[in-house]
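Q: Have a look at this one before I ask anything.
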């Protein structure tokens, strides 16, 4: 949690500079692979200068951002669920009017290709995005080899993984602009 509190700043326009979707590094900076049962239930109360999104939305200047930390089971990491119905139940909570979707992991076929040639993304997430929600942007990470941008007819998919496959922070930050809705001003 101390990763965010000393470094998160309010921008000159009043917007928070960080949105947090997962507390994978809660015990100390650069800790890895925190298990769900080691995360305090009130952890988000200690994040006083950022917005923590756990199956929840926030509206910033008329743009709805929804964040969810869940992913298909992977080791003993936090926020794991079995593929299929358990994950679909989480994805069904995403509002249809979401402009930017933030998840920990990718949907199937977008930023999910690993070095052995397998696609590890979530098919239920892809289905939810393409058939129901259709956000303008979907931002995620988790699959470090998938860093980059892809698109389909409706959504721009951004794998913004900071680290490479060896967990070395080598990838450049992803920045994108989005027009404000009509009638909304900063």
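Rule-based calculations on the coordinates, nothing more; no lab input. Fair warning: this is a prediction, and the values are worked out from it, not measured in the lab. Cβ coordinates were reconstructed from backbone atoms using ideal geometry, including for glycine residues, and neighbour counts include every protein chain displayed.
Q: Which length gain, in nm to one decimal place, applies between residue 118 and residue 153 when the Cα-Cα distance is subtracted from 0.36 nm times their residue separation? Display every interim value, and only then the final one.
A: On the way: separation 35, 0.36 × 35 = 12.60 nm, distance 2.36 nm.
Stretched out fully, the residue 118 to residue 153 stretch lengthens by 10.2 nm.
Q: Here's something else I'd like to know. Starting from the Cα of residue 186, step 7 Å along the direction of its Cβ; do the same at residue 132; then give the gap between the two resulting points in nm.
A: 3.5
Q: Additional query: Under 19 Å from a point placed 7 Å out from the Cα of residue 97 along the Cα-to-Cβ direction: which residues of the stretch 153-186 have their backbone N that close?
A: 179-186
Q: Same structure again: So the label point goes 7 Å from the Cα of residue 145 along Cα→C-beta, right? Which residues of the stretch 95-121 then have their backbone N under 12 Å from it?
A: So the set is 112-121.
Q: Exposure proxy check: 74, 79 ranked by fewest other beta carbons within 10 Å? List each step's numbers first, then the result.
A: Working: 74 13, 79 22.
So the residues, fewest neighbours to most, are 74, 79.
Q: On to the next question. In whole Å, how far is the Cα centre of the stretch 54-115 from that of the stretch 156-186?
A: 16
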